[in-house]
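Report on the structure given below.
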Amino acid sequence: MIGFIVKRVGHTLLVLFCVATVAFFIVRLAGDPVQQMLPPEATIEQERALRASLGFDRPLLDQYVSYMTGLLGLDFGQSVFFHRPAFEVIMERLPLTIDLAVAAMAFTLIVSIPAGIVAAVRRGSATDTSVMASVLVGQSTPAFWVGILLILIFAVNLQWLPASGTGSPAHLVLPAITLGLYSAAMIARLLRSSLIDVLGEDYIRTARAKGLSGFKAVTAHGLRNASLPVVTVVGLEVGSLLGGAILTEQVFSWPGIGRLTVEAITYRDYPLMQATVLFLAAVFVIVNLVVDLSYALLDPRVRLS
Amino acid sequence: MSSVLEINDLHVEFRLDADTVKPVNGVSLSVEAGETLAVVGESGSGKTATALSILRLHPTPPCHYTGGEILAGGRDLLKLPEREMRAIRGNEIAMVFQDPMTSLNPLKSVGAQIAESLRLHQGLSRSQARAQAVQALREVGIPNPEQRAGEYPHQFSGGMRQRVMIAIALACRPKVLIADEPTTALDVTVQAQIMELLAGLQERFGMAIVLITHDLGVVARCADRVLVMYGGRPVELAAVDEVFAAPRMPYTRALLRSMPRSDVPGGAPLDPIPGSPPNLFSPPGGCAFHPRCALALPECSSTVPPLTERAPGHSAACLLEGSL
């Protein structure tokens, strides 16, 4: 187990090192932040002075080395636009993104798990067909369109829920549904097919032969077996939700990590762009680790080998 | 002695989209406490379909039980509501399946899988059921049962898993055990151990065994009586010695001749049955065996011979009279 953890930590650090390097060089293709920040009538001297004050006049390799050295001390650099440490800016936005991610995931699971189970158990029935049709709609509808539609119906026409902004649980409802709809459709479909496979297994027949009801056979023997492939996908979805939902946050003016990423790109805020990319990578690496560990928890064949 | 399980003229249909398949056509059998009835026949002869019908384990739809009765404990199982049927499954009538590698849930410890039916049928507490599960593992000859009960199916060999399946089936001391090809997926040496184990447990607990198999060697060693099936119909029913010594249905005789024999010096050449088993989607008219039968008469293609008693305790379904 200790060997496993050491290996995983080493692997994680390697991934983060590579991501930091790629992010550092790629963001510099976005354009010149100094040009962006200065008014058009600024003089060459003013431009040079700003460039020097931000450190962008130094050789690229020099900048890279000091950036990487900073990372070792958890220094992600100063945001050019916010004039504060990039890490601090991200941490400030993170709670909002976590709120949204948790709400969206709750919506996803509450909708997709019953839908997937019912569709699998009543395979071929009208219920199954309608679940699968909804899945198709859910997976093929873009988030920005769903968001606008929900705003139109529930905020503008019915005036039940706020159209944008933050501040109360009611503000969470529409963005969470918008964000969760795609994952709910995907997970319902995945759970259905996984459960259909499992329900054909001999051990389900054994469970029925023991005298278990069909419902109990599904819940006690089917679901855990069927959940193995689903856990991977749920993990990846949690990762992308925590990384910020760019479109949804934009539509609902939700000031989370997703909008922050867009702002960083708009202002060519190199340190902030690098920090958001690195943050996203770290979230995915951690989520993957959690998924691997949950596999061991769910499946004794993984745990004991 | 009265029978603990009796099937009379059972008919089962699978209604698929385009076709209706009838895997079981008028099967009748009975088995007494402490007795082993072997049901033999080729693949597709309706053995397993009959076995699963007893516990009503076929998915419905497409399966429909269209006729006959299955009597156990004075009730017709085909008429019981599902809830009462559940109280019989694994409790009064239990089943062991063919493939022990896939018949156990890989994510639950074997102890938990045995305890499950004890808790369900006998209302035992978690700790009582766990203690009983350990005892059940001991009964089926699993060494170190206290420790093994907490282990998972992948930590057991094929033969050991089948022992676990038997422990699950016998946990609630059923009156009838249906063993559906319990040794087919196992090594030959392990097969013998499993059959010995079943015989020993039968002697101890006195349950009836319905042994589904296509292995005539197993039949000769373990069964008291034999029901031969072909094309979903019972074609011969007799005591095991009678069937081997004086079969009265040409299919039974052909089946015996197609098996290797160890009692003939030098080994007799095998005599396979020509043709293939009947297509269930379009079964031949008359006796289902007539297209492959060396002794077929012209009327065999139009008349379905009923299973009639030819000698005390020996029935056959054939237009030919007398022993072959």
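Mind pulling the angle between the C-alpha long axis of helix A:126-140 and the longest principal axis of chain A? Nearest 10 degrees, somewhere in 0 to 90. That works out to roughly 10 degrees.
Which order do B:79, B:108, A:216, B:47 fall in if you start with the one that has the fewest other Cβ atoms within 10 Å? Please report the intermediate quantities before stating the final value.
On the way: B:79 11, B:108 20, A:216 17, B:47 28.
Going from least to most buried by this count: B:79, A:216, B:108, B:47.
With θ taken as phi - 60° and the Karplus curve 6.51 cos²θ - 1.76 cosθ + 1.60 applied, the whole-hertz 3J(HN,Hα) list for the stretch A:82-89 is 8, 6, 9, x, 4, 4, 5, 5 Hz, x standing for glycine and proline. Quick one: helix A:270-298 against the long Cα principal axis of chain A, what's the angle to the nearest 10°, folded into 0 to 90? Once rounded, the angle reads 20 degrees. Assign one of three labels to the protein assembly as shown, namely rounded, prolate or oblate, based on the Cα gyration tensor with a ≥ b ≥ c the square roots of its eigenvalues; rounded applies when a/c is under 1.5, prolate when it is not and a/b is larger than b/c, and oblate otherwise. Taking the square roots of the gyration eigenvalues as a ≥ b ≥ c, the protein assembly as shown is prolate. When the stretch A:2-72 is described by a simple charge dipole with +1 on each Lys and Arg Cβ and -1 on each Asp and Glu Cβ, the residue from A:61, A:22, A:12 located farthest towards its positive end is A:12. Each Lys and Arg Cβ is given +1 and each Asp and Glu Cβ -1; about its Cα centre, the protein assembly as shown then shows a dipole of about 720 debye.
This model, with +1 at the C-beta of Lys and Arg and -1 at the C-beta of Asp and Glu, gives the stretch B:123-213 a dipole about its Cα centre of some 400 debye.
About the centre of its Cα atoms, chain B shows a dipole size close to 820 debye [charges on the beta carbon of Lys, Arg (+1) and Asp, Glu (-1) only; nearest 20 debye]. Which Cα, out of B:295, B:98, A:182, lies furthest along the positive dipole direction of the protein assembly as shown (beta carbon charges, K/R +1, D/E -1)? Highest projection toward the positive end goes to B:98. When a/c reaches 1.5 or more, the comparison of a/b and b/c decides; with that in mind, is the stretch A:2-72 rounded, prolate or oblate per its Cα gyration tensor? It is prolate, given that a/c is not under 1.5 and a/b is the larger ratio.
Cross-link reach is defined here as a Cα-Cα straight distance under 20 Å, omitting same-chain residues fewer than 8 places apart; for residue B:22 the aspartates and glutamates meeting it are B:9, B:13, B:42, B:69, B:180, B:236. Summarised as an ellipsoid, chain A has semi-axes of 44, 27, 13 Å, derived from the eigenvalues of the Cα gyration tensor scaled by 5 and square-rooted, with the largest first.
Based on Cα contacts under 8 Å between residues 6+ apart, chain A shows a relative contact order of 26 percent.
Considering the stretch B:200-311 at the alpha-carbon level, its Rg and Dmax are found to be 15.8, 51 Å.
Taking B:156, B:289, B:281 in turn, the Gaussian network model of chain B (Cα-Cα springs below 10 Å) assigns the largest fluctuation to B:281. A Förster radius of 41 Å combined with the Cβ-Cβ distance from residue A:44 to residue A:164 puts the calculated FRET efficiency at roughly 0.45.
With the simple model of a label 7 Å out from the Cα in the direction of the Cβ, residue B:299 to residue A:193 spans 5.9 nm. Shape index of the stretch A:149-305: Rg/Rh, with Rg the Cα radius of gyration and Rh the Kirkwood radius from the inverse mean 1/r over Cα pairs, equals 1.11. Take the Cβ atoms of residue B:281 and residue B:246, set R0 to 30 Å, and the FRET efficiency comes out at 0.30.
Each residue of the stretch B:311-318 was assigned a 3J(HN,Hα) from its phi angle through the Karplus curve 6.51 cos²θ - 1.76 cosθ + 1.60 (θ = phi - 60°); the sequence is 8, x, x, 10, 10, 8, 10, 7 Hz, with glycine and proline shown as x. The modelled label-to-label distance between residue A:122 and residue A:102, using points 7 Å beyond Cα along the C-beta direction, is 3.4 nm. Cross-link partners for residue B:175 among the lysines, with Cα-Cα distance under 22 Å and sequence neighbours closer than 8 places in the same chain left out: A:210, B:47, B:79.
Axis angle, to the nearest 10 degrees, between helix A:169-199 and the longest C-alpha principal axis of chain A: 50 degrees.
Its Kirkwood hydrodynamic radius, worked out from the mean inverse distance over all distinct Cα pairs, puts the stretch A:84-223 at 17.2 Å. Between residue A:36 and residue A:202, the C-beta separation translates, for a Förster distance of 51 Å, into a calculated FRET efficiency of about 0.20. With neighbours defined as other Cβ atoms within 10 Å of a residue's Cβ, the residues A:129, A:232 order from fewest to most as A:129, A:232. Could you list log10 I(q)/I(0) for the stretch B:1-93 at q = 0.18 Å⁻¹, which the Debye formula gives when each Cα is one point scatterer? For the stretch B:1-93, the Cα-only Debye profile gives -0.83. Ordering A:41, B:309, B:116, B:32 by the number of other Cβ atoms within 10 Å of each residue's own Cβ, fewest first, gives A:41, B:309, B:32, B:116.
Summary value for chain B: 20 percent relative contact order, contacts being C-alpha pairs under 8 angstrom separated by 6+ residues. Full extension of the segment from residue A:129 to residue A:61, taken as 0.36 nm per residue of separation minus the current Cα-Cα distance, would add 18.6 nm.
Here the Karplus curve 6.51 cos²θ - 1.76 cosθ + 1.60, taken at θ = phi - 60°, turns the phi angles of the stretch B:21-28 into couplings of 10, 10, x, 10, 10, x, 7, 10 Hz, with x standing for Gly and Pro. Look at the dipole of the stretch A:88-303 built from charges on Cβ: of A:170, A:124, A:225, the Cα furthest out on the positive end belongs to A:124. Note on chain A: with a GNM built from Cα contacts shorter than 10 Å, the maximum mean-square fluctuation among A:227, A:240, A:125 falls on A:125. Over chain B, the alpha carbon radius of gyration divided by the compact-protein estimate 2.2 N^0.38 Å works out to 1.03. All C-alpha pair distances within the stretch B:92-232, sorted into 5 Å bins from zero, spread as 2, 10, 21, 23, 21, 13, 6, 3, 1, 0 percent across the bins.
Readers should treat all values here as calculations from the given coordinates under stated rules, not as data from a laboratory. All values derive from a computational prediction rather than experimental measurement. No Cβ is skipped: glycine too gets one built from the backbone with ideal geometry, and neighbour counts run over all protein chains shown.
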